[in-house]
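This report refers to the structure that appears directly beneath it.
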Amino acid sequence: MQSKKSSSRNKGITLKNITESKGFTAFTSVLLAIFLGLIFGFIVMAFAGPQNVFKGFSYILLGGFGRFGDVLYFATPILMTGLSVGLAFRMGLFNIGASGQYTMGMFFALYVGFMWDLPPEIHWIAAIIAGMVGGMLWGFIPGIFKAFLNVNEVITTIMFNYIGMYLVDMLIQGNLVLYLSSNARTNYLPRTVQLPSLGIMGSNVNVGIIMAVIIGIILFIVLEKTTFGYELKATGFNKHASNYAGMKGKTNIILTMVIAGGLAGLGGAFAILAPSAIAGSSMTYEPINIIAVNGFNGIAVALLGSANPIGIIFSATFISFIQRGGTLANLVGYKPEIIDVVIAVIIYFSAFAMIMNSGIGRFIKKYIIKKPHTNILLEDLEAVEEEIEVQNKEAE
Amino acid sequence: MENYIVEMLNITKEFPGIIANDNITLNLKKGEVHALLGENGAGKSTLVSVLFGLYQAEKGEIKKNGKEVKINNPNDANDLGIGMVHQHFKLVEIFTVLENIILGVEPNTLGFLQKTDARKKVMELSGKYGLKINPDALIEEISIGMQQRAEILKMLYRENEILIFDEPTAVLTPQEIKELLKIMRDLAQEGKSVLFITHKLNEIIEVADRCTVLRKGKYIGTVDIKDTTKEELSRMMVGRDISFNIEKKLTEVKEVVLSVKNVTVPSKLHKNNAVKNISFDVRGGEIVCLAGIDGNGQTEFISALTGLEKVSSGTIILGGKDITKSSIRKRSVSGMSHIPEDRHKHGLILDYSLEENLVLQRYWQPEFQNKGFIRFHAVRNYAECLIKKYDVRSGQGPITMARSMSGGNQQKAIIAREIDKDHEVLVAVQPTRGLDVGAVEYIHKQLISRRDCGKGVLLVSLELDEVMNVSDRILVMYEGEIVGELDPKKTTVQELGLYMSGAKRNTVKEIDNAE
Ligand SMILES: Nc1ncnc2c1ncn2[C@@H]1O[C@H](COP(=O)(O)OP(=O)(O)OP(=O)(O)O)[C@@H](O)[C@H]1O
Ligand SMILES: [Mg+2]
């Protein structure tokens, strides 16, 4: 029986083969997670204002279609931070520091944009690269700490979020070329450092999204097709076995953190260098001591995308889509704060449902949840979630 | 009608690409030790997992005391008094032994953990059954043998009456096995029922009342042990006769391939050194066996030899090159293959497919990659070739997830990978652990063929039969030292036992002089 079965494995694609394939189960679990998230979001919305809940919710669900340019525009930074968190996650590293790396990326990009005199054709490209370098630096340091001193990267990256944010705020406020103190924001960037727009009416969508998607695809190829990806995933799954197989754990940790930081830094650069629809203006940075929320959203994006770069491209678009639609819900009387909460509930419930389905979920279910006195990890996760929510609200 | 405590009737369980259990019936009497026998991948673990609620069967029913029951998860099983020691332990590494034993059934008053009572009960059980443990050691720090004892205590602590042991003896020393078999008999005498999976026919003959045999997912039969023989059991299991004697040609030994000089390795558990100043050579064309009771420094020595840990002093020379401080990759390239002791911790990436695991040591070689891109075709071809050559069985061939493979087939995959890789020295730590008799025979032949090809083999084994039959030279380790060098042809198991227990030694000096 056994041999017959296995020899028939190459023959044809049956429905069973499809439903049992890895990709299919991953896909269905994402849909299920999103569905759960939407239900919870709907419940919260119904509590907040039952009169218009169907109307309001349909804005959230469908409103994004009318503003697809904006959906892509807002998806760009969270796509990059999502890739950053997702890549590190595949290596078994929890990069909470995408925010700090993102902020450093913004600063480096701004600095090159304002302080360097470069030919207009390459100025914006130089600024993007600078942003990447800034992020890389902010990933490199926690990477070093992890590799050589075995300091938990969660702790260092959280610390580096704060260090990066305060440092950037200080550096910007101290630089009179960058900073316009009367308006408490940076100056308008010259046109030559802004990214070329895609020319969709009424939207800032620009080449950033195209680059981000290409980067996502490249990352996918790196992870699935190269020896580096093989090592990275192997280390993420089982660091003892990867060590036994002679992989250079330390180098790989540092390299992964550098790449992850670079990705988040690029996100920051794409965000700050985006063209403004209003002639003569640009995106600006306000040094108001707040950690960049796009970094945290990257965690949700990565989880919802199962830490798979292609999945992350879709999850970033989805989250941006829901957020754009949400902004329309105040047409039927929902306060922006309520909408933010509903959106956050949708995103984090979906992401959380994803975790429960994934490897961590299995771990949590098996060892932690059942045991009343041992739910440390779960509480930790919840604390992180809560912090994200708080940050989310603060940022608005 | 017979009085069965558990009846598993017509159980069928499928996995992608394979029917792991095909209409299997197993009846367990009260107070019996019931053995479950079958080749690697025959479906034994699957069957007991169905009983323990880890899997749900597609067809068939389970009855307890004649009444049909539904077992949807291990908690249900526990409520029915069914406990299980898994083939691969399920202990929480960062908890202590005691915490693991009481996990999930912690005694508490108003939510406060009452560890003292639990400790007392655990230590009583430990004393009663001779299951020696250190309740405060962390799981990640203790030997596999002690982890196993913790698992058994976990079951006894829950006062289960149906006890499932999935290959408990595969990881134990001969002494521990003896003790465990006695414990099983005692438990059966007390009226508990024991379901016992093993590949070792001697153990079945010694301890079991009845034995059920599976082959390739099918039920072959149930026999009374008193009416059967080892030979008959193995014939039922494999469908052919197995030779229990190993044939070895005489070969001449060549030059030294591995030389260990005054190696000392610190211990992680205590302040003393785990390995104290040991020296020996392995020559091409010989199988040197490092024998000893588990926990006498073998694990630490092998870790240092293979580069997983550092030595504190001494030198290791492989094929003329000093590799004492070399990286693991360098050692591997210089000609060391390593079949590790713990297949799940070191040997496999369980979330990788079989083919990905088969190139774990070689993915970076030009054969399998081109400018950093993996050559999937080459990997697939290579994997298919190894799978065929070493008879690695799985549901979906090269793309099967390693996690879903049976324990014995996981082991075969590791062996295939390490033997097939270029090497001068093969370090094999308990290579036949968990393999069925047919596979053991095959692996022994492979080890001998390595030797006949002029390679050196360093075998670490706890199993006396294997030590005596396969090796050309035996080094006995006791408390971190080599206390004797024996010729298997001129010694007896009894004498070996005396050395292993530290009762006898020929001084290390003599060995040094001999070289
Ligand atoms: N979770 C799973 N998913 C897919 N296939 C599985 C799973 N568990 C077991 N199998 C397959 O079912 C078959 C029977 O496996 P099982 O673990 O029951 O074997 P076994 O008799 O215990 O073997 P061993 O002696 O090697 O432990 C194997 O071919 C294995 O690949
Ligand atoms: Mg098994």
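Conditions (1) free of Cβ contacts under 8 Å to residues at least 40 places away in the same chain; (2) over 29 Å from B:Leu498 (Cβ atoms), marked per residue:
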| site | (1), (2) |
| --- | --- |
| B:Asn262 | no, no |
| B:Asn272 | no, no |
| B:Ile287 | no, no |
| B:Gly319 | no, yes |
| B:Ser326 | yes, yes |
| B:Arg331 | yes, yes |
So which of B:Asp472, B:Asp420 is free of Cβ contacts under 8 Å to residues at least 40 places away in the same chain and on the phi < 0 side of the Ramachandran plot? B:Asp420
Considering (1) part of a loop (DSSP other than H, G, I, E, B); (2) touching a residue at least 40 places away in the same chain (Cβ under 8 Å); (3) crowded, with 18+ Cβ neighbours inside 10 Å, say which one A:Ala260 fails and leave the rest. (1)
Do you know which residues across segment B:358-377 are within 9 Å of chain A (Cβ to nearest Cβ) and either touching a residue at least 24 places away in the same chain (Cβ under 8 Å) or open to solvent by less than 30 Å² (accessible area, probe 1.4 Å) (or both)? B:Val359, B:Leu360, B:Gln361, B:Tyr363, B:Phe368, B:Gly372, B:Ile374
Give me a count of the residues in segment B:383-422 that are out of contact with any Ser or Thr (no Cβ under 6 Å at 6 or more places or on another chain), open to solvent by less than 60 Å² (accessible area, probe 1.4 Å), away from ligand 1 (no atom under 11 Å from the Cβ) and not aliphatic (A, V, I, L, M). 4
Pick out the one residue from B:Thr198, B:Thr212, B:Thr173 that is within 16 Å of ligand 1 (Cβ to nearest atom), in the same structural domain as B:Leu98 (by TED's automatic domain parsing) and under 20 Å from the mean Cα position of the chain (by Cα). B:Thr198
For segment B:384-392, check the following and say yes or no: at least one residue is in contact with a Leu (Cβ under 9 Å, 6 or more places away or on another chain), within 16 Å of ligand 2 (Cβ to nearest atom) and outside the structural domain of B:Val467 (by TED's automatic domain parsing). yes
Examine segment A:43-62 for a residue that is closer than 25 Å to A:Val168 by Cα, in contact (Cβ under 8 Å) with a residue 24 or more places away in the chain and open to solvent by less than 10 Å² (accessible area, probe 1.4 Å), and state whether such a residue exists. no
Show me the strands (runs of 3 or more DSSP E) found entirely inside segment B:177-226 where at least 1 residues are within 14 Å of chain A (Cβ to nearest Cβ) and closer than 16 Å to B:Asp166 by Cα. B:210-215
Does segment A:208-224 hold any residues that are out of contact with any Ser or Thr (no Cβ under 8 Å at 6 or more places or on another chain) and surrounded by 15 or more Cβ atoms within 10 Å (Cβ to Cβ), and which are they? A:Ile210, A:Met211, A:Val213, A:Ile215, A:Gly216, A:Leu219, A:Phe220, A:Val222, A:Leu223, A:Glu224
Boolean, A:Ile312 is open to solvent by less than 20 Å² (accessible area, probe 1.4 Å) and not small (Gly, Ala, Ser): yes
What's the total number of residues in segment B:222-253 that are in contact with a strand residue (DSSP E or B) (Cβ under 7 Å, 6 or more places away or on another chain) and on the phi < 0 side of the Ramachandran plot? 8
Report, by residue number, each residue of segment A:285-309 that is touching a strand residue (DSSP E or B) at 6+ places or on another chain (Cβ under 6 Å) and either open to solvent by less than 10 Å² (accessible area, probe 1.4 Å) or modelled with pLDDT of 90 or more (or both). A:Tyr285
In segment A:226-249, anything more than 7 Å from every other protein chain (Cβ to nearest Cβ), open to solvent by 10 Å² or more (accessible area, probe 1.4 Å) and within 12 Å of B:Leu350 (Cα to Cα) is listed as A:Lys233, A:Thr235, A:Gly236, A:Lys239
Taking B:Arg380 as the residue in question, decide whether it is more than 16 Å from ligand 1 (Cβ to nearest atom), at pLDDT 95 or above and within 18 Å of B:Arg450 (Cβ to Cβ). no
For A:Ile217, state whether it is away from every other protein chain (no Cβ under 11 Å), free of Cβ contacts under 8 Å to residues at least 24 places away in the same chain and part of a helix (DSSP H, G or I). no
Could you list all residues from segment B:26-66 that are under 28 Å from B:Asp186 (Cβ atoms) and β-branched (Val, Ile, Thr)? B:Val33, B:Val48, B:Val50, B:Ile62
Could you pull out the residue among A:Ala274, A:Ala264 that is aliphatic (A, V, I, L, M), modelled with pLDDT of 95 or more and on the phi < 0 side of the Ramachandran plot? A:Ala264
Take residues that are within 16 Å of ligand 1 (Cβ to nearest atom) and in the same structural domain as B:Gln175 (by TED's automatic domain parsing) and tell me which of the strands (runs of 3 or more DSSP E) falling wholly in segment B:39-132 contain 1 or more. B:59-64, B:82-85
Among the residues of segment B:66-78, write down those that are exposed (fewer than 15 other Cβ atoms within 10 Å of the Cβ) and within 14 Å of chain A (Cβ to nearest Cβ). B:Asn73, B:Asn75, B:Asp76
Among residues of segment B:70-80, those that are closer than 21 Å to B:Lys29 by Cβ and in contact with a helix residue (DSSP H, G or I) (Cβ under 8 Å, 6 or more places away or on another chain), counted: 2
What pairs come out if I take residues in segment A:312-326 that are touching a residue at least 24 places away in the same chain (Cβ under 8 Å) and pair them with residues that are basic (Lys, Arg) and assigned to a helix (DSSP H, G or I) whose C-beta lies under 7 Å away, six or more apart or interchain? A:Arg324/A:Arg67
Does segment A:157-182 hold any residues that are of a type outside the set (A, V, I, L, M, F, W, C) and open to solvent by 10 Å² or more (accessible area, probe 1.4 Å), and which are they? A:Tyr162, A:Tyr166, A:Gln173, A:Gly174, A:Asn175, A:Tyr179, A:Ser181, A:Ser182
Is it true that some residue in segment A:88-98 is touching a Phe, Trp or Tyr at 6+ places or on another chain (Cβ under 6 Å) and either crowded, with 24+ Cβ neighbours inside 10 Å or polar (S, T, N, Q) (or both)? yes
Does B:Ile414 fit the bill of being within 16 Å of ligand 2 (Cβ to nearest atom) and outside the structural domain of B:Val260 (by TED's automatic domain parsing)? yes
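The values are calculated or read from the model by the stated rules, or taken from the named source; none is laboratory data. Quick caveat, the model's predicted, so the values are computed rather than measured. Note: ideal-geometry Cβ built from the backbone for every residue, glycine included; neighbour counts use all protein chains shown. Ligands, DNA and RNA are excluded from the accessible area calculation, which covers all protein heavy atoms including side chains. Shrake-Rupley method; radii C 1.70, N 1.55, O 1.52, S 1.80 Å.
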